[in-house]
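The values are calculated or read from the model by the stated rules, or taken from the named source; none is laboratory data. Predicted model only: the values in this text are computed from it and were never measured. With ideal geometry, Cβ positions are generated from the backbone for all residues, glycine too; neighbour counts draw on all protein chains shown. Each accessible area value is taken on the protein alone, full model and side chains, heavy atoms only, with ligands, DNA and RNA left out. Shrake-Rupley method; radii C 1.70, N 1.55, O 1.52, S 1.80 Å.
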Amino acid sequence: MKLLAVLAITAAVLGVTAAFKPPAARYDGFKVYKVFVKDEQQLSEYKKLANNIPVRFLNDIGGPGRNYALTIDPANNKALESHLKYHEFNYELTIDDLQEVLEQSMPVNMESKNSTMTWTAYHPLADIYDWLDSLVIDNMLTITPYIIGKTYEGRSIKAVRISTKPGNKAIFIESNIHAIEWISSATTTCFINNLLKAESAEMKELLMNYDWIYVPVLNPDGLEYTHNVERLWRKNRKPTGFSNSSGICYGTDMNRNFGFMWGGAGHNFDVPCDHWYGGAAPDTEPEVLALQHFVNSFPEGYIRMYLAFHAFGNFVLLPYGHSNTEFPPNYDQMMRIANAFADAAKVKYGTEFLSGASGLLNYPVSGSAKDWAYGVKKIPFTATIELRDDGSKYGFFLPGSQILEVCTEVTDGLVEMVRKAREEGLFN
C-alpha cells in the first residue's frame, strides 16, 4: 500500500510538472515607438540606448537615414522620450498599449487544442499542423507529406509537396523562420488553402502547371515559445553555450546561419545573447540543416523559385544580403520578376512593395536562406518577401483583422510574379 501511495504521489507530481509552463509575458502598458536615425552620431546614440534604459530593439540596427522600432515598459517610457528629445531624435508613438494589440489578434478558442483554422486571427503550431494534415487527407492524390527533420526541442518540421501532374517545375515557399513574424505563416497558409480550392483561371493555372513545395513553420520551437512564453521571441530555442546576467542564452537567428557568405555582415551577428546572433559557425542549427537536406533531396533544376516569407517592411528582397555593391548575374531579370509582384500587389489596397537586393534596400546581413538558395543551390529566382506593414504603425504586431487583405495582395502578386517568371524563361 505504501508503495502504491508513493507511486500515486510521484505520478501526481510528475503530472503537475509536465503540465506546468511558465506564464506568458504580458505587455500591459508597453509602448512601441518608431525612431528616425538621421546620421552616424544619432546612430551611435541609438545603439547605446539599452545601456541606460531597458528598451527592447525590435529590428536590426543597420545604418543611418532610416526608422527603427523599439518597445519600452510603462515605468520607463518617459525617460525614453526625454532621452530621445535630448539627442534630437524624431520619433513617433505607434502603439500605446502593446498587450491590447496582441490580444486582439488571438483566436477566440485559444485554450482549445483543436481550434479551427481561420484567417482572422493568429494560430499556434498545433492548429497549423492540424490544418496541414487535413489538407493531406483531403488531397491524397496531389499532396505528399513530409517530416523534414526535428527541432532542437524535438518537434517535427512538417512540409508538403503539391503536384497535380508530372513534369512540372517547382516553387518553394517557407515561412516563420523568425518566430515573432506571425503574419508570415498566416499569409502562406491562407495562400496554399486558396490555391488548393482554386476557383479563378489564374489560380487554377498556378495549381495545375507548377509544383509547390511548402514549409509553413520552419521554426516550430520558436513559434510555440511566442504563443506560450514570450511574444517578442525571434530565434530558435537551442542554447548557444553562453550565458549572461539573465542566465543561459538561447537561440540562433536561423536566417543568419546559412552557409553562404556567413558571418560577413549583420548587426550583433557575433553576440551570442543577442536577438540577431548568427551562430558560432554556419549551418549549425538542426532546423537549417533539415531545410537544406530537404531542398537537396529534389533533383537539380527542379526548384526554379524560392520564396521566404517574413515581416515587416513591404519589400521584395533579392540576393545578395552580405553586400550593397555585389549583385547576381541575372539581377536585372530578377528585378523584372520582383516588380511584377509589387505592381500586382498594389492594385487592391494600395500597398507599395519596394524591390531590390536586400543589402541595398534593407541592410547588409549574411547567412540568409534566400542567398543560400541562390548562391549554393543555383535556384534562378530567390526572394525574401517582407509583408505588412511598412513600419508606420504595427510592425511585427499586425492585427489579425489584416490577414485576409495581406493574403489577397500576396496572391495577386504571386500570380503576376510567376507569370513574369515564365515569360522570362525561368521554367523552361
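Residues in the stretch 148-163: is at least one touching a helix residue (DSSP H, G or I) at 6+ places or on another chain (Cβ under 8 Å), part of a helix (DSSP H, G or I) and open to solvent by less than 10 Å² (accessible area, probe 1.4 Å)?
no
Among the residues of the stretch 69-86, write down those that are farther than 21 Å from Gly29 by Cβ and open to solvent by less than 50 Å² (accessible area, probe 1.4 Å).
Listed by number, the list is empty, since nothing qualifies.
Tell me, please, whether a residue that is charged (D, E, K, R), over 19 Å from Ala179 (Cα atoms), in a loop (DSSP other than H, G, I, E, B) and at pLDDT 95 or above can be found in the stretch 414-422.
no
Residues of the stretch 268-301 being assigned to a loop (DSSP other than H, G, I, E, B) and touching an Asp or Glu at 6+ places or on another chain (Cβ under 8 Å), which ones?
Within the stretch 268-301, Asn268, His275, Trp276, Tyr277, Gly278, Gly279 qualify.
Of all the residues that make up the stretch 183-228, how many are under 24 Å from Arg256 (Cβ atoms) and part of a helix (DSSP H, G or I)?
Counting residues in the stretch 183-228 that are under 24 Å from Arg256 (Cβ atoms) and part of a helix (DSSP H, G or I) gives 14.
What are the residue pairs meeting all of these: first residue in the stretch 140-162, first residue over 15 Å from Val217 (Cβ atoms), second residue aromatic (Phe, Trp, Tyr), Cβ atoms under 8 Å, and 6 or more apart or on different chains?
Arg161/Tyr146; Arg161/Trp212; Arg161/Tyr214; Ile162/Trp212; Ile162/Tyr214
Yes/no per residue for (1) in contact (Cβ under 8 Å) with a residue 40 or more places away in the chain; (2) crowded, with 23+ Cβ neighbours inside 10 Å; (3) among the aliphatic types (A, V, I, L, M); (4) more than 17 Å from Ser184 (Cβ to Cβ):
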| residue | (1), (2), (3), (4) |
| --- | --- |
| Glu230 | yes, no, no, yes |
| Arg237 | yes, no, no, yes |
| Gly241 | no, no, no, yes |
| Val271 | no, no, yes, yes |
| Tyr277 | yes, yes, no, yes |
| Ala281 | no, no, yes, yes |
| Leu289 | yes, no, yes, yes |
| Ser297 | no, no, no, yes |
| Ile303 | yes, no, yes, yes |
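For the stretch 9-40, enumerate the residues that are charged (D, E, K, R) and at pLDDT 80 or above.
Within the stretch 9-40, Arg26, Asp28, Lys31, Lys34, Lys38, Asp39, Glu40 qualify.
Thr252 fails exactly one of the following numbered conditions: (1) open to solvent by 30 Å² or more (accessible area, probe 1.4 Å); (2) modelled with pLDDT of 90 or more; (3) of a type in the set (Val, Ile, Thr). What is the number of that condition?
Of the numbered conditions (1) open to solvent by 30 Å² or more (accessible area, probe 1.4 Å); (2) modelled with pLDDT of 90 or more; (3) of a type in the set (Val, Ile, Thr), the odd one out for Thr252 is (1).
Within the stretch 336-390, restricting attention to residues that are open to solvent by 20 Å² or more (accessible area, probe 1.4 Å) and assigned to a helix (DSSP H, G or I), which residue is farthest from Gly259 (Cα to Cα)?
Among them, the one singled out is Asp343.
Criterion first (touching a residue at least 24 places away in the same chain (Cβ under 8 Å), open to solvent by less than 30 Å² (accessible area, probe 1.4 Å) and more than 27 Å from Leu291 (Cα to Cα)) does Ile128 satisfy it?
Considered against the rule, which asks whether it is touching a residue at least 24 places away in the same chain (Cβ under 8 Å), open to solvent by less than 30 Å² (accessible area, probe 1.4 Å) and more than 27 Å from Leu291 (Cα to Cα), Ile128 comes out as no.
What is the residue count in the stretch 46-78 for residues that are out of contact with any His (no Cβ under 6 Å at 6 or more places or on another chain), touching a residue at least 40 places away in the same chain (Cβ under 8 Å), of a type outside the set (D, E, K, R) and not in a strand (DSSP E or B)?
Number of matching residues: 7.
Condition check: within 26 Å of Gly62 (Cα to Cα), open to solvent by 40 Å² or more (accessible area, probe 1.4 Å), touching a residue at least 12 places away in the same chain (Cβ under 8 Å) and among the hydrophobic types (A, V, I, L, M, F, W, C). Does Phe312 satisfy that?
It is false that Phe312 is within 26 Å of Gly62 (Cα to Cα), open to solvent by 40 Å² or more (accessible area, probe 1.4 Å), touching a residue at least 12 places away in the same chain (Cβ under 8 Å) and among the hydrophobic types (A, V, I, L, M, F, W, C).
Glu224 - would you say it is touching a helix residue (DSSP H, G or I) at 6+ places or on another chain (Cβ under 6 Å), at pLDDT 95 or above and surrounded by fewer than 19 Cβ atoms within 10 Å (Cβ to Cβ)?
no
Given (1) touching a Pro at 6+ places or on another chain (Cβ under 9 Å); (2) outside any loop (DSSP other than H, G, I, E, B); (3) under 26 Å from Val288 (Cα atoms), identify the lone condition not met by His310.
If we test His310 against (1) touching a Pro at 6+ places or on another chain (Cβ under 9 Å); (2) outside any loop (DSSP other than H, G, I, E, B); (3) under 26 Å from Val288 (Cα atoms), just (1) comes out false.
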